[in-house]
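Okay, so here's the structure we're looking at.
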Amino acid sequence: MTATTDGSTGATLPPRAAAASETDDTDITAPVPTGADEAARRAVRRATDHLLARQDAEGWWKGNLETNVTMDAEDLLLREFLGIRDETVTRAAALFIRGEQRDDGTWATFYGGPGDLSATIEAYVALRLAGDEPDAPHMAKAARWVRAQGGIAAARVFTRIWLALFGWWKWEDLPELPPELVYLPTWLPLNIYDFGCWARQTIVPLTIVSAKRPVRPAPFPLDELHADPARPNPPGPLAPATTWDGAFQRLDRALHGLRRVVPRRLRRAAMNTAARWIIERQENDGCWGGIQPPAVYSLIALYLLGYDLGHPVMRAGLASLDRYAVWREDGARMIEACQSPVWDTCLATIALADAGLPADHPALVRAADWMLGEQVVRPGDWSVRRPGLPPGGWAFEFHNDNYPDIDDTAEVVLALRRVRHHDPERVERAIGRGVRWNLGMQSRNGAWGAFDADNTSPFPNRLPFCDFGEVIDPPSADVTAHVVEMLAHEGLAHDPRTRRGVQWLLAEQEPDGPWFGRWGVNYLYGTGSVVPALTAAGLPASHPAIRRAVSWLRRVQNDDGGWGEDLRSYRDPRQWRGRGASTASQTAWALLALLSAGERHSEAVERGVAWLAATQREDGSWDEPYFTGTGFPWDFSINYHLYRQVFPLTALGRYLHGEPLAHRAQSREQPARAERGAVLAEQRPAGA
């Protein structure tokens, strides 16, 4: 069978996915592979050995977190702006950036994706800093493509901010972001806590940058990147005032006018307040929130306020940036946007336990010890909306006490429940704190977001400044599913708060069966998260929602037996939903859903298991160049290098052994245990 090609992008749909009807509910008719059980056992043994070998001596796992070259380009631009760029780092970064260029001269934001204008501009500028001449063939090809797409004027705001720092763009042609924003009370729209935590950490320092409008003289011009160098920024149309876009365009114009009349004392006070806000949120290792962009903008903001590079805050911040660098064997240097040790460690623990590793295995106990030490036991920004809630969550990164993650907390609890620890009382206290915190972070609609409760204001996304990715943190099906699954396994399946989460999930199902995936690609991730949660919470496999999900997964299974979904499903779900080249992680997500729905002996499961076993490498790993994670759907994509290891191992383990905590979900004794853990958490010191 010949694959179908989407002429607009050059991407190909796997034969089965391209041919599958949206309404076809027939099962795949290919013969069932033989020996699936033995193949699964062999794959589990090899994958277990591979994963155990990757554990750090302290107990954690961490795979590389691959995004796109804007991280590397902006790192070089930061160093150029601060005057600390050196040849070693520049050469290594340029080597990586050149290696990511596509044949058409562009840079994409995910593997196999289309060229992205902003990423291409930033990569081009970084290579100019590294000494690549504009008439070099690879540079000229990139510049031609940029001009054809509208040039710098068509790039996103963040790209043009970077160019404005060097005089390649005019500050007055950028949206205004006044530092007085920090004074807005929490009940007023567009206060900083209306933004998601990742946006909040970036916007506060950028208010200082926007107020200062610094320009470091550029080392070269960029005329070749303008569609019309004589008119680099032709004014665009003004939307009608009766529309939201028109209203916010006029608000931005008013803010530009306001900067000319705002009292200097007020502006200086606002910038100092913003600086204190930034410094108070610097983590012990010098980073901000454990992610790279806020660190970059915070360093620029503080530098503009007079913090020299020798100041302890600046020294620690610059040192933290170096920890985002991954040096490859070929001498190239890749920048991670973030690091995911807590997430990777809880997922690896679940995978190994579900694969049959004894609950008291030293590797699992070490992992549990490390996770217990990572629990966040002090309030953070989340407490602005939940001031009376005691802390108890887990973050995503090594150091991030300000922004624990609701998703990570749920999965850590599920991981800890799989380990037979030598100090069970300590585990119960930690789990009690985590369960209590997750319950307290439930939003009014019964669901859960990733970092904050009720972070659903419609206004931040309307700002002209916010033209890239999500800037709010509304509840999502995948996060809500993980919390519901955890609560069910804690014996709280019948708790009214859990039932509200279940009802929200049922209402969010797409008519043809899947669920949208906010933090993973896409409907396969959402469905692979929700179905196990619903069955853990007591929905029978015969429930109509479960049957619709099973039917959809059967319809989108590829001819090779695997499952895959391209990131284009965020832009064009009708064409791409559940469709793409088979990947190890996405095949595992589909299998987790089907197994939890009682499809252990189905043809679809057997073929999926066979695909995982057949595509495993000799060393026990799987290859997966495709990006199956998201920071922002479509706008910022992630290849979690450990996903290809942990999720297949989990799925194969459950295929062989079942779900190890299934018996706990309906236990009548568990509510008492969960409550007892919370009581213990209150009686003992937070760090005990």
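The values are calculated or read from the model by the stated rules, or taken from the named source; none is laboratory data. Remember, predicted model here, so these are calculated numbers, not experimental data. All Cβ positions, glycine included, derive from the backbone under ideal geometry; neighbour counts span all protein chains shown.
From the set of residues in segment 67-86 that are surrounded by fewer than 21 Cβ atoms within 10 Å (Cβ to Cβ) and charged (D, E, K, R), which is nearest to F647 (Cα to Cα)? Looking at residues that are surrounded by fewer than 21 Cβ atoms within 10 Å (Cβ to Cβ) and charged (D, E, K, R), I get R79.
With the requirement that a residue be under 21 Å from P460 (Cα atoms) and either in contact with a Cys (Cβ under 9 Å, 6 or more places away or on another chain) or surrounded by 13 or more Cβ atoms within 10 Å (Cβ to Cβ) (or both), what does segment 254-270 give you?
Let us first name the residues in segment 254-270 that are under 21 Å from P460 (Cα atoms), namely 254-259, 270.
Hits for segment 254-270 are L255, H256, R259, A270.
Could you please let me know if A269 is closer than 27 Å to V296 by Cα, assigned by TED's automatic domain parsing to the domain that holds L318 and either touching a Pro at 6+ places or on another chain (Cβ under 8 Å) or aromatic (F, W, Y) (or both)? Walk me through it before giving the result.
Values: closer than 27 Å to V296 by Cα: yes; assigned by TED's automatic domain parsing to the domain that holds L318: yes; either touching a Pro at 6+ places or on another chain (Cβ under 8 Å) or aromatic (F, W, Y) (or both): no.
In short, no.
Residues that are within 22 Å of the chain's Cα centre (by Cα), surrounded by 24 or more Cβ atoms within 10 Å (Cβ to Cβ) and not aliphatic (A, V, I, L, M) do not occur anywhere in segment 535-553. Contact map, segment 84-108: residues that are within 20 Å of L567 (Cβ to Cβ) paired with residues that are of a type in the set (S, T, Y), Cβ distance under 6 Å, separation 6+ or inter-chain. Pairs shown: T106/T120; W107/T120. On the stretch given as segment 526-576, residues that are part of a helix (DSSP H, G or I), among the charged types (D, E, K, R) and within 14 Å of T587 (Cα to Cα) total 2.
Taking the conditions exactly as written (in a helix (DSSP H, G or I) and either surrounded by 19 or more Cβ atoms within 10 Å (Cβ to Cβ) or within 22 Å of the chain's Cα centre (by Cα) (or both)), does L52 satisfy them or not? No. Among the residues of segment 66-74, none qualifies, meaning not one is under 18 Å from W611 (Cα atoms) and either at pLDDT below 95 or assigned to a helix (DSSP H, G or I) (or both).
Looking at the structure I just gave you, is T243 polar (S, T, N, Q) and out of contact with any helix residue (DSSP H, G or I) (no Cβ under 7 Å at 6 or more places or on another chain)? Criteria met by T243. Applying the selection to segment 445-473, what residues are of a type outside the set (A, V, I, L, M, F, W, C) and under 23 Å from V413 (Cβ atoms)? Correct list: N445, G446, G449, D452, D454, N455, D473. Applying a threshold of 8 Å to beta carbon distances and a minimum spacing of six or more residues, or different chains, the list of pairs starting in segment 161-184 at a residue that is assigned by TED's automatic domain parsing to the domain that holds A211 and among the acidic types (D, E) and ending at one that is part of a helix (DSSP H, G or I) and surrounded by fewer than 21 Cβ atoms within 10 Å (Cβ to Cβ) reads E172/H256; E176/D252; E176/L255; E176/H256; E176/L258; E180/L266; E180/R267; E180/A270. R600 satisfies every condition listed in (1) closer than 14 Å to L652 by Cα; (2) crowded, with 20+ Cβ neighbours inside 10 Å except (2). Is it the case that T587 is of a type in the set (V, I, T) and touching a strand residue (DSSP E or B) at 6+ places or on another chain (Cβ under 8 Å)? Here the answer is no, as T587 does not meet what is asked.
So which of F632, F636 ends up being at pLDDT below 95 and either of a type in the set (D, E) or in contact with a strand residue (DSSP E or B) (Cβ under 8 Å, 6 or more places away or on another chain) (or both)?
On the way: F632 fails: either of a type in the set (D, E) or in contact with a strand residue (DSSP E or B) (Cβ under 8 Å, 6 or more places away or on another chain) (or both).
Of F632, F636, the one residue that is at pLDDT below 95 and either of a type in the set (D, E) or in contact with a strand residue (DSSP E or B) (Cβ under 8 Å, 6 or more places away or on another chain) (or both) is F636.
The set of residues in segment 482-533 being of a type in the set (G, A, S) and over 15 Å from V556 (Cβ atoms) consists of A488, G491, A493, G501, A507, G520, S529, A533. Annotation: Q586 fulfils all but one of (1) within 26 Å of L52 (Cβ to Cβ); (2) modelled with pLDDT under 95; the unmet one is (2).
Just checking, how many residues over segment 188-203 are hydroxyl-bearing (S, T, Y) and crowded, with 21+ Cβ neighbours inside 10 Å? Please lay out each step first, then the result.
Going through segment 188-203, the residues hydroxyl-bearing (S, T, Y) turn out to be 193, 202.
Now drop any that are not crowded, with 21+ Cβ neighbours inside 10 Å, which leaves 202.
Of the residues in that region, 1 qualify.
Give me the helices (runs of 4 or more DSSP H) completely within segment 272-354, filtered to those with at least 2 residues that are free of Cβ contacts under 8 Å to residues at least 12 places away in the same chain, ordered by residue number.
Numbers: elements: 292-304, 312-322, 341-354.
In segment 272-354, the matching helices (runs of 4 or more DSSP H) lie at 312-322.
Against the test of being assigned to a loop (DSSP other than H, G, I, E, B), out of contact with any strand residue (DSSP E or B) (no Cβ under 6 Å at 6 or more places or on another chain) and not aromatic (F, W, Y), the options R420, R433, R366, R429 yield a single qualifying residue, R420.
Checked against the criterion of being in contact with an Asp or Glu (Cβ under 9 Å, 6 or more places away or on another chain), surrounded by fewer than 24 Cβ atoms within 10 Å (Cβ to Cβ) and not in a helix (DSSP H, G or I), segment 410-417 contains one or more residues that satisfy it. A count restricted to segment 120-139 and to residues that are touching a residue at least 60 places away in the same chain (Cβ under 8 Å), not basic (K, R) and not in a loop (DSSP other than H, G, I, E, B) stands at 4. Within segment 568-616, which residues are out of contact with any helix residue (DSSP H, G or I) (no Cβ under 8 Å at 6 or more places or on another chain) and closer than 19 Å to G112 by Cα? Those that are out of contact with any helix residue (DSSP H, G or I) (no Cβ under 8 Å at 6 or more places or on another chain) and closer than 19 Å to G112 by Cα: Y570, R571, D572, A581.
Among the residues examined, F451 qualifies as within 22 Å of the chain's Cα centre (by Cα), of a type in the set (A, V, I, L, M, F, W, C), in a loop (DSSP other than H, G, I, E, B) and surrounded by 24 or more Cβ atoms within 10 Å (Cβ to Cβ). For E224, the criteria (1) modelled with pLDDT under 95; (2) in contact with a helix residue (DSSP H, G or I) (Cβ under 6 Å, 6 or more places away or on another chain); (3) of a type outside the set (F, W, Y); (4) farther than 22 Å from A254 by Cα hold in every case but one, which is (1).
Among the residues of segment 95-105, the ones that are in a helix (DSSP H, G or I) and over 14 Å from I121 (Cα atoms) come to 3 in all. When residues in segment 481-522 are screened for being assigned to a helix (DSSP H, G or I), within 20 Å of the chain's Cα centre (by Cα) and farther than 24 Å from A415 by Cα, 0 of them pass.
Could you grab me the full set of residues in segment 467-526 that are at positive phi and out of contact with any Asp or Glu (no Cβ under 6 Å at 6 or more places or on another chain)? Within segment 467-526, G491, G513 qualify.
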